[in-house]
Amino acid sequence: MTLANGAWLLLAICLPAAAATVGGDLSDQNGAPVVNAVISLRPLSGSPPIAKPPAAVELDQRNREFIPHVLVAPLGAAVNFPNHDHILHHVYSFSPAKRFELKLYKDVTPPPVVFDQAGVAVLGCNIHDWMVAYVYVSDTPYYAQSDASGHWSIAAPAGAYRLNIWHPYLAGAPLAADVVAGDAQAAPLRFSLDLKTRAATGKPPDSLQFGEGYNGEP
């Protein structure tokens with residue numbers, strides 16, 4: 001895993017009222033944009049403020065796939081798991097961040113699951129082995145997810161932060177760097193991530209072809 005601009009980087013884009021926007025771009029070892037990375041900031045001094053969880057968050061099941069593949073939610077978020085397929089799903093997680101099980105169901109969405117511990121919960125379906133998703137639970141309100149072009153941006157008060165980058169396909173540990181929000185002259189951050197060449201995408205095997213006419217068979 002490498003940092004494109006060195007092991008430690010300082011960045012800040014100064015905005016009015018002591019606010020700042022920290023942002024940049026992510027690419028993999030081949031130079032391709034990295035989507036679905038989670039970038040978070042934690043103050044180097046003191047604790048981050050506690051974010052109020054949104055009223056409702058959804059992780060859907062559609063065409064035998066979890067959507068989105070990576071869900072980022074603040075600590076304490078209640079996540080619904082609707083099943084829009086015509087077949088039963090059985091959602092579970094054995095991760096220390098959240099252990100739960102929603103046994104065979106369809107048509108009626110079970111009660112939401114509250115993610116009350118920071119970390120990453122890896123989800124699966126007990127019927128469809130290829131189905132996998134990740135819920136990243138953040139205990140800081142300063143986070144973002146990289147888009148299809150690898151770009152990300154976080155609004156946070158000016159100051160010094162520890163920046164962390166996580167991705168489900170990382171070949172090693174999450175990447176970390178110290179950044180300072182507030183320097184209008186600093187260039188956007190550019191990071192290169194070492195990703196696994198083979199990883200579970202959560203998508204159905206190519207041998208299973210279906211579309212709008214999918215009849216609900218396993």
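What follows draws every value from the coordinates through simple rules; no lab data is involved. What you see is a predicted model, and the numbers here were worked out from it, not measured in a lab. Virtual Cβ from ideal backbone geometry, glycine too; neighbours counted across all protein chains shown.
By its C-alpha gyration tensor, with a ≥ b ≥ c as the square roots of the eigenvalues, how is region 33-85 shaped: rounded for a/c under 1.5, else prolate for a/b larger than b/c, else oblate? Because a/c hits 1.5 or more and a/b fails to exceed b/c, region 33-85 counts as oblate.
Each residue, Ala160 and His84, gets one label point 7 Å from its Cα in the Cβ direction; the gap between the two is 4.6 nm. DSSP assigns beta bridges within region 57-138; of those with both partners inside it, close to 70 percent run antiparallel.
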